[in-house]
Amino acid sequence: MAPVKQLPAARQVDMMTALKEAAFAALVTFGLCIPIIAWGTRQNLDNVLVLDPRWDAVAWAVAIIFVGRFLMALRQQKRGEGKSMVRLLPHGTIGFFQRHSRLFSLAGLGFLVTFPIIAITLAGWGGALKWIDNFGVQILIYVMLGWGLNIVVGLAGLLDLGYVAFYAVGAYSYALLAKNFGLSFWILLPMSGILAAFWGMLLGFPVLRLRGDYLAIVTLAFGEIIRLILINWVDFSNGYAGISGIPRPTFFGIPFTAADNGFAAVFGLEFSPLYRTIFLYYVILGLALLTAFVTLRLRRLPVGRAWEALREDEIACRSLGINTTNTKLTAFSLGAMFGGFAGSFFAARQGFISPESFVFMESAIILAIVVLGGMGSLWGVAIAASAMIGGTELLRELEWLKQIFGPDFDPTKYRMLIFGFAMVVIMIWKPRGLISTREPTAFLKEKKAISADMVQEGHG
Amino acid sequence: MEVFLQQLINGLTLGSIYGLIAIGYTMVFGIIGMVNFAHGDVFMLSAFIALIFFMLIASWFGAGLIVVALIFVLVLAMFFTSLWNWTIERVAYRPLRGSFRLAPLISAIGMSIFLTNFVQVVQGPRNKSIPPMLNKSITLIESTTYSVQISYKQIVIILTTAILLAAFWFIVQKTSLGRAQRACEQDRKMAGLLGIDVDRTISITFVMGAALAAVAGVMYLVLYGVVNFADGFTPGVKAFTAAVLGGIGSLPGAVIGGLLIGLIEVFWSAYFTIDYKDVAAFCILAVVLVFMPSGILGRPEVEKV
């Protein structure tokens, strides 16, 4: 009979310590809840503010934190000292994906191309519209914006918090030129890209000397300035009211309408709004893939290598004779160009734009997608965009939660709350982003994936 | 001339609020080199905390002695806002210390989004207003066309700011705590080797920043009487502008910068157009950072190779 294995002394669970830690966390939570949760403010019928005590909510919050902290403390003790590692995937999974990245890219591409067909087969003609529009198109817009910003942040290492300005430039260029001059989507798409790139250069020029956090704040200021001008210059942009009735894109001249010369009639199909959505889906898919293709190719060109060198060490770059001004400006304007493409697509898809769509929060979301995915990693950005945008869109589908929490419960209210919280949690869990290994473009003899800690910011 | 004097008073009032918030930015940047993006939202949160305490005190004791109530609210708001910022530092920033440069910034942006939406969820999206208080004012210059007035509110705001800044200045310059802070600012590793508890010092820095933001929050509520969950962003960016203008890392610089930004904003609204007052503030931010990155009182950044 084998002897009973004794637990080592260090593994003994110390209940008291865990309880103490949990009690402390609960006490802090209680303190945090006292003013802001314990009393809700509400306008009564006379429009006077009154307080509603909500001690049950405080009790819930304290209890949840107490139990959560207690379990965490126990878990940490079991794992011994040091930071507890959370692993969702078995070791080497990401390496496996990276070794077969070509295969997975093809599989992913195949899925994206067939996504509308899959959606129609699974959800039917009626249900597919929501899936293709809310999930397919919406996520792909953010993937494209993420990949565009990735050129600026991930490759060139310039932290841009005002990316949404270029998105706005693209959207307003399309909206105004299409409405006032009647130009078609296919002429205006490259044009808005060029205009956005021009603005990128214009805004990029004065901030070239800045670095890091300062650059982030100035780009934020520029983003806000453009939005405030769009709000206040009413003659130009119609202010808060925005621009409505923007011409929708046509299938190379054939409009998606129920009329006799519409898409459905020309091709002898029954009219359905789904055709336009599917068309838009393929347009944004094409644009996103173009962004990815250009990024991958540019990384192998001298200018792409210069970006990455610049990101790693600006002084070394300058001493080696790289023109840092031009290098930064190309990164800024190329990133802006893709933002402009996405913007004009956005205007064409919505048919209505207003400054409300271009608030700072959008810039923060795009930057969050790039950083959370792992800067410089195209896969990481795509995964982060799907998780963050798709995840928050999924909250709209959680109607069944109403049966648990009562009819007043509205899961969409918590969308951005969860988004912000997820940003903090992912940063603490994986500060280098979800994909935290990098493949160098320049290497000696053998190409190896390295940890992202070895490089400054991106895909070193 | 009368208009100028009146706007000067208004500008100083607004500027002291910006200055109080700016100190939180400048201290945190000085000690851990990070733009605490959530600071504007901490300010907004403190205004909500103050609003709730104002109403509690009014319903328990009546609204008789407004000054006593104000002092109580100030102390309570400072305490609870500090607790919030202490927790935020502990949960969202401390685990990322020593991580790569962008991680704390992204975490702070996440925290900012979280705080904004947290307040929206728990307190509702509508403007929250309290009945106006301290409405009387003193007429300084009597004139047939335009008389210059300073309201009790403005006196309270300017006085409170001045007193608290003096107290704060004393803490940073004369106590061992302030010495530890300044040491950490110069060289965190060396300070740690010499026996300073660096983590604790950083925590206290966040607590102090939050306490001053809470003062600003209470003053904001007294001045405007209304607060909204989205009110943190613009004052936050303007206060950061103030910190940069004064020279980031410098405490008197933050106050000077705050007063300047307040004055510029008020004069711009009075003499040019009110629509573009935020554009003016943001343009100043860009111009200062591009042409004068070390600000008025800051030390120039040394480029080490």
In the neighbourhood of B:Thr234 defined by beta carbon distances under 15 Å, the net charge of the other residues (Lys, Arg +1; Asp, Glu -1) is -3
Treat each spin label as a single point 7 Å out from the Cα along the C-beta direction, and report the A:Trp60 to A:Thr412 distance in nm. 2.1 nm
Work out from phi, with θ = phi - 60° and the Karplus expression 6.51 cos²θ - 1.76 cosθ + 1.60, the ³J(HN,Hα) of each residue of the range B:277-293, listed in order in whole Hz, and give x for Gly and Pro. 5, 6, 4, 4, 4, 5, 5, 4, 4, 5, 5, 4, 5, 6, 9, 9, x
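Over the range A:120-204, calculate the relative contact order: mean separation of alpha carbon pairs under 8 Å at least 6 apart, over the residue count, as a percent. All intermediate terms of the calculation are to be shown ahead of the outcome.
Working: 36 pairs, mean separation 17.1, N = 85.
Computed value for the range A:120-204: 20 percent relative contact order.
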On a 0 to 90° scale, report how tilted helix A:15-36 is relative to the longest principal axis of chain A, with both axes built from alpha carbons and the result rounded to the nearest 10. 50 degrees
Only Lys, Arg, Asp and Glu count, each charged at its Cβ (+1, +1, -1, -1), so figure out the dipole size of the protein assembly as shown about its Cα centre, rounded to 20 debye. 2180 debye
To the nearest 20 debye, what is the magnitude of the charge dipole of the range B:127-262 about its Cα centre, counting +1 on the Cβ of each Lys and Arg and -1 on the Cβ of each Asp and Glu? 120 debye
Using a 10 Å cut-off around each Cβ, can you sort A:Asp213, A:Asp260 from fewest to most neighbouring Cβ atoms? A:Asp260, A:Asp213
In degrees, nearest ten, helix B:66-88 long axis to first principal axis of chain B (Cα): 30 degrees
Shape descriptor, the range A:254-338: equivalent ellipsoid semi-axes (Cα gyration tensor, sqrt 5λ, whole Å, largest first) stand at 47, 10, 8
Looking at the range A:262-369, which trypsin sites (Lys or Arg not before Pro) are in a loop (DSSP not H, G, I, E or B) and have at most 14 other Cβ atoms within 10 Å? A:Arg300
Mind checking the angle between helix B:152-174 and chain B's longest principal axis? C-alpha axes, 0 to 90 degrees, to the nearest 10. 20 degrees
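How do A:66-77, B:128-139 rank on mean C-beta neighbours within 10 Å, highest first? Can you show the working numbers first?
On the way: A:66-77: 16.3, B:128-139: 14.0.
Ranking the peptides A:66-77, B:128-139 by packing returns A:66-77, B:128-139.
Net charge around A:Arg276, counting only other residues with Cβ within less than 12 Å of its Cβ (Lys, Arg = +1; Asp, Glu = -1)?
Values: positive: A:Arg248, A:Arg349; negative: A:Asp133.
Net local charge, A:Arg276 excluded: +1.
Within a Cβ distance under 15 Å of A:Phe256, other residues only, what is the Lys/Arg minus Asp/Glu net charge?
Details: positive: A:Arg248, A:Arg276, A:Arg349; negative: A:Asp133, A:Asp260, A:Glu270.
Local net charge: 0.
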Using only C-alpha atoms and all pairs of different ones, pull out the Kirkwood radius for the range B:179-242 in Å with one decimal. 13.9 Å
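Other chains' Cβ within 10 Å of A:36-48 residues: what's the mean? Before the final figure, lay out the partial values.
On the way: counts 12, 5, 3, 7, 4, 12, 4, 5, 0, 0, 0, 1, 3.
Averaged over the peptide's residues, the number is 4.
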Simple label model, 7 Å out from Cα along Cβ direction - B:Arg200 to A:Tyr240, nm: 5.1 nm
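Report the Rg/Rh value for the range A:109-376, based on alpha-carbon coordinates and the Kirkwood definition of Rh.
On the way: Rg = 19.4 Å, Rh = 19.3 Å.
So for the range A:109-376, dividing Rg by the Kirkwood Rh gives 1.01.
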Over the Cα atoms, compute the radius of gyration (one decimal) and Dmax (the largest Cα-Cα distance, rounded to a whole number) for chain B, in Å. 19.5, 67
Based on the Cβ-Cβ distance of A:Leu122 and B:Ala230, what FRET efficiency does E = 1/(1 + (r/R0)^6) give at R0 = 41 Å, to the nearest 0.05? 0.55
Here the whole-number average of other chain Cβ atoms within 10 Å per Cβ of A:428-434 is 4
Pick out, from B:Val279, A:Leu434, A:Leu140, the residue whose Cα sits farthest towards the positive end of the charge dipole of the protein assembly as shown, with +1 on the Cβ of Lys and Arg and -1 on the Cβ of Asp and Glu. A:Leu434
If eta is 0.692 mPa s and T is 37 °C, what Stokes-Einstein diffusion coefficient results for the range B:148-305, Kirkwood Rh from Cα pairs, in µm²/s? 187 µm²/s
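List the relative contact order of chain A as a percent without decimals, with contacts defined as Cα pairs under 8 Å and 6+ residues apart.
Numbers: 626 pairs, mean separation 95.1, N = 460.
Value for chain A: 21 percent.
Given 0.36 nm per residue, what is the gain on full extension from A:Leu401 to A:Thr114 after removing their alpha carbon distance, in nm?
Working: separation 287, 0.36 × 287 = 103.32 nm, distance 3.16 nm.
Computed gain between A:Leu401 and A:Thr114 is 100.2 nm.
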Debye, to nearest 20: dipole size of chain B, +1 on Lys, Arg Cβ, -1 on Asp, Glu Cβ: 660 debye
Give me a single rounded figure for B:121-131: the average over its residues of other chain Cβ atoms within 10 Å of their Cβ. 4
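Please arrange B:Asp231, A:Asp410, A:Asp14 by counting, for each residue, the other beta carbons lying within 10 Å of its beta carbon, fewest first.
Numbers: B:Asp231 22, A:Asp410 15, A:Asp14 11.
Ranking B:Asp231, A:Asp410, A:Asp14 by Cβ neighbours within 10 Å, fewest first, gives A:Asp14, A:Asp410, B:Asp231.
Return the subset of A:Lys430/B:Lys128; A:Lys20/A:Lys430; B:Lys136/B:Lys277; B:Lys128/B:Lys174; B:Lys128/B:Lys238 for which the Cα-Cα distance in this structure is over 30 Å, preserving the input order.
Working: A:Lys430/B:Lys128 38 Å; A:Lys20/A:Lys430 28 Å; B:Lys136/B:Lys277 28 Å; B:Lys128/B:Lys174 40 Å; B:Lys128/B:Lys238 22 Å.
Where the Cα-Cα span goes over 30 Å, the pairs concerned are A:Lys430/B:Lys128; B:Lys128/B:Lys174.
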With label points set 7 Å from each Cα along the Cα-to-Cβ direction at A:Phe96 and A:Gln43, the distance between them in nm comes to 5.7 nm
With chain B treated as a Gaussian network of Cα nodes joined by springs under 10 Å, which of B:Thr205, B:Thr26, B:Thr144 yields the largest mean-square fluctuation? B:Thr144
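Give me A:Tyr167, B:Tyr271, B:Tyr152 sorted ascending by neighbouring Cβ count inside 10 Å, so fewest comes first.
Details: A:Tyr167 33, B:Tyr271 10, B:Tyr152 16.
Listed from fewest to most nearby Cβ atoms, that is B:Tyr271, B:Tyr152, A:Tyr167.
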Using a Förster distance of 30 Å, the FRET efficiency for A:Ser184-B:Val287 (Cβ separation, nearest 0.05): 0.15
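With 45 Å as the cut-off, how large is the P(r) tail for chain A, expressed as percent of Cα-Cα pairs? Display every interim value, and only then the final one.
Working: 23640 of 105570 pairs.
That fraction is 22 percent.
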For chain B, what does the relative contact order come out to in percent, with C-alpha contacts under 8 Å and a separation of six or more? 36 percent
Amide proton proximity set for A:Leu161, modelled H, under 5 Å, gap of 5+: A:Thr219, A:Leu220
Under Karplus coefficients 6.51, -1.76 and 1.60, residue-wise ³J(HN,Hα) of the range A:361-370 in Hz, glycine/proline x: 3, 5, 4, 5, 5, 5, 4, 4, 4, 5
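All of the numbers you see were taken from the coordinates with simple rules; none came from a lab. Because the structure is a prediction, the values reported are computed rather than measured. No Cβ is skipped: glycine too gets one built from the backbone with ideal geometry, and neighbour counts run over all protein chains shown.
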